[in-house]
Amino acid sequence: NAGVTQTPKFQVLKTGQSMTLQCAQDMNHEYMSWYRQDPGMGLRLIHYSVGAGITDQGEVPNGYNVSRSTTEDFPLRLLSAAPSQTSVYFCASSYTGFGGPNEQFFGPGTRLTVL
Amino acid sequence: DAKTTQPTSMDCAEGRAANLPCNHSTISGNEYVYWYRQIHSQGPQYIIHGLKNNETNEMASLIITEDRKSSTLILPHATLRDTAVYYCIVRGTRAALTFGKGTLLTVNP
């Protein structure tokens, strides 16, 4: 298993540009999520999905869109990039989004700089 | 989800046990205690979780007090590769994790 993969690893954008961060998992996990991590801070939840066709907002959703058309993929779209979105973005997945304990698996991250 | 309190940083000598404390005084009955760690610039890595009883796996041990208001993660023989930020997270039925700033554990040779 490749686990959770993210592309690209690094990206530089200009203010106002749009882009999509890709996330894929091959573990047949129902639950997927996106976090951002700013310097010296913990991770903050942007959006999450409990299954194909179902998404919901996390703590910091503004400026980001998501969709979940397949179990494997959960792309994160930046609509109009702003310098405040400069961060490291992590995608995570777990077997289920409800009930009981289950560990989350994280991808290696995408380092985004918005100029 | 209940909030957690951890020391900002700790040091440990290589080969010694590292004991990382966490306070979660507002934890409720159905909430689990999770530990993750993040080695520099990498994605967080799951370590262990528990509800009431102490737990042990190949990476670490988790000791939860009887009143469940605090816990300790124990790395029995710390190595330089264990230098990382360790996050204590209390999680209920929802999968979403709420990360604080964690504890930076530095293992010294």
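The values are calculated or read from the model by the stated rules, or taken from the named source; none is laboratory data. Computed from a predicted structure; not experimentally measured. Using ideal geometry, Cβ is built from the backbone for each residue, glycine included, and neighbour counts are taken over all protein chains shown. What goes into the accessible areas is simple: the full protein's heavy atoms, side chains included, and nothing from ligands, DNA or RNA. Shrake-Rupley method; radii C 1.70, N 1.55, O 1.52, S 1.80 Å.
Details
- Looking only at residues of the stretch B:57-73 that are within 11 Å of the chain's Cα centre (by Cα) and closer than 15 Å to B:Tyr36 by Cβ, we find that the one that is surrounded by the most Cβ atoms within 10 Å (Cβ to Cβ) is B:Leu73.
- Pair list, Cβ < 7 Å and 6+ apart or interchain, from the stretch B:86-108 residues that are modelled with pLDDT of 95 or more to residues that are aliphatic (A, V, I, L, M) and surrounded by fewer than 19 Cβ atoms within 10 Å (Cβ to Cβ): B:Thr103/B:Met10; B:Leu105/B:Met10; B:Val107/B:Leu80; B:Asn108/B:Ala13
- Matching entry among A:Arg77, A:Arg68, A:Arg36 (being in contact (Cβ under 8 Å) with a residue 24 or more places away in the chain, of a type in the set (D, E, K, R) and in contact with a Gly (Cβ under 7 Å, 6 or more places away or on another chain)): A:Arg68
- In the stretch A:5-19, the residues that are closer than 21 Å to A:Ile54 by Cα and open to solvent by 50 Å² or more (accessible area, probe 1.4 Å): A:Thr5
- Residue count, the stretch B:3-33 (criterion: outside any loop (DSSP other than H, G, I, E, B) and either within 20 Å of B:Ala78 (Cβ to Cβ) or in contact with a helix residue (DSSP H, G or I) (Cβ under 6 Å, 6 or more places away or on another chain) (or both)): 10
- When A:Ser93 is tested against (1) open to solvent by less than 20 Å² (accessible area, probe 1.4 Å); (2) within 20 Å of A:Phe10 (Cα to Cα), only condition (2) is not met.
- Flag if A:Ala81 is open to solvent by less than 10 Å² (accessible area, probe 1.4 Å) and not in a strand (DSSP E or B): yes
- Restricting attention to the stretch B:35-50 and to residues that are open to solvent by 20 Å² or more (accessible area, probe 1.4 Å) and in a loop (DSSP other than H, G, I, E, B), the residue that is nearest to B:Thr79 (Cα to Cα) turns out to be B:Ile39.
- The stretch B:74-95, subset surrounded by 17 or more Cβ atoms within 10 Å (Cβ to Cβ) and at the interface with chain A (Cβ under 9 Å from one of its Cβ atoms), residue farthest from the chain's Cα centre (by Cα): B:Ala95
- Count of the stretch B:1-34 residues, restricted to those that are within 14 Å of chain A (Cβ to nearest Cβ), open to solvent by less than 60 Å² (accessible area, probe 1.4 Å) and hydroxyl-bearing (Ser, Thr, Tyr), is 3.
- For the stretch A:45-59, the set of residues classified as in a loop (DSSP other than H, G, I, E, B) and either open to solvent by 30 Å² or more (accessible area, probe 1.4 Å) or modelled with pLDDT of 95 or more (or both) consists of A:Ala52, A:Gly53, A:Glu59, listed by residue number.
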